[in-house]
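> Structure incoming, see below.
The values are calculated or read from the model by the stated rules, or taken from the named source; none is laboratory data. In this text, all values refer to a predicted model and were calculated from it rather than measured experimentally. Every residue, glycine as well, gets a Cβ built from its backbone with ideal geometry; the counts of neighbours run over all protein chains shown.
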Amino acid sequence: MSQRLFGYIRVSTKEQNEVRQVKALKEQGVKKSNTFIDWQSGKDFNRPAYHRMIEKVKEGDLIVIKSIDRLGRNYEEIIMQWKYLTKEKKVDIRVLDMPLLDTSKSKDLLGTLISDLVLQLLSFVAQNERENIHQRQAEGIAAAKARGMKFGRPEKKLPQNFFVMVERWKNKELSACEVSIELGISTSTFYRRAKEIENYDVEEMKKDNII
């Protein structure tokens, strides 16, 4: 029985376009009916299309992917899946961006060893780079906050009668729910903003455009 070709594509964000990956797999001879696409993060292997492909492949089949990070993004998980596919399912894997990662070419012990070593090295480098990117992002955000830059949606200005309503709530004239309805905000927002102004100077709040 001839070797069947399967292709797997993962598009991690809405901004990514799968056309480039589809084109690369088509050039390898992968049919559209045997191409499986997941539109989600590679942080784990809970992916519908991936599992459908795994159920369909048989011993001797070949799975083609554009790059190793399409298979996954976690170092240990990638290694585990690679071993599961090649050792237990006994299927071959071809990574187009890295010709050394092609188990269909080298079936001897040396070829398998080289393929496994290259896989582990690339997976480690890819994960290490992602961690470095996240670290740089965190440092950048921290530096921006230190410069006074604010993230997220800006807070709405407090209603002019906010302080009056807070006093009425403190004096138990009105409940928090009644005050929230009167102010047109949620109860949780009322509690949070009321706590924020406890030790805040009114004139400073006006300068900061809070009221």
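> May I ask you to list the residues in region 78-107 that are part of a helix (DSSP H, G or I) and either surrounded by 17 or more Cβ atoms within 10 Å (Cβ to Cβ) or not aliphatic (A, V, I, L, M) (or both)?
Passing the criteria: I78, Q81, W82, K83, Y84, L85, T86, K87, E88.
> Just for region 115-129: of the residues that are out of contact with any strand residue (DSSP E or B) (no Cβ under 9 Å at 6 or more places or on another chain) and modelled with pLDDT under 70, which one is surrounded by the most Cβ atoms within 10 Å (Cβ to Cβ)?
Among those residues, the one meeting the criterion is S123.
> Continuing with the same structure: List the number of the failed condition for G60; all other conditions in (1) modelled with pLDDT of 85 or more; (2) surrounded by 13 or more Cβ atoms within 10 Å (Cβ to Cβ); (3) in a helix (DSSP H, G or I); (4) of a type in the set (G, A, S) hold.
With (1) modelled with pLDDT of 85 or more; (2) surrounded by 13 or more Cβ atoms within 10 Å (Cβ to Cβ); (3) in a helix (DSSP H, G or I); (4) of a type in the set (G, A, S) applied to G60, the lone miss is (3).
> Hey, another quick one. Would you mind listing the helices (runs of 4 or more DSSP H) fully within region 137-207 where at least 2 residues are at pLDDT below 80 and more than 40 Å from the chain's Cα centre (by Cα)?
Ranges flagged: 202-207.
> List, please: which pairs have Cβ atoms under 8 Å, are six or more places apart or on different chains, and start with a residue in region 156-181 that is touching a residue at least 12 places away in the same chain (Cβ under 8 Å) and end with one that is in a loop (DSSP other than H, G, I, E, B) and of a type in the set (S, T, N, Q)?
Going by the 8 Å Cβ cut-off, the qualifying pairs are K157/N209; W169/S175.
> So, one more: So which residues in region 1-32 are farther than 17 Å from V95 by Cβ and modelled with pLDDT of 90 or more, if there are any at all?
Correct list: R4, K31, K32.
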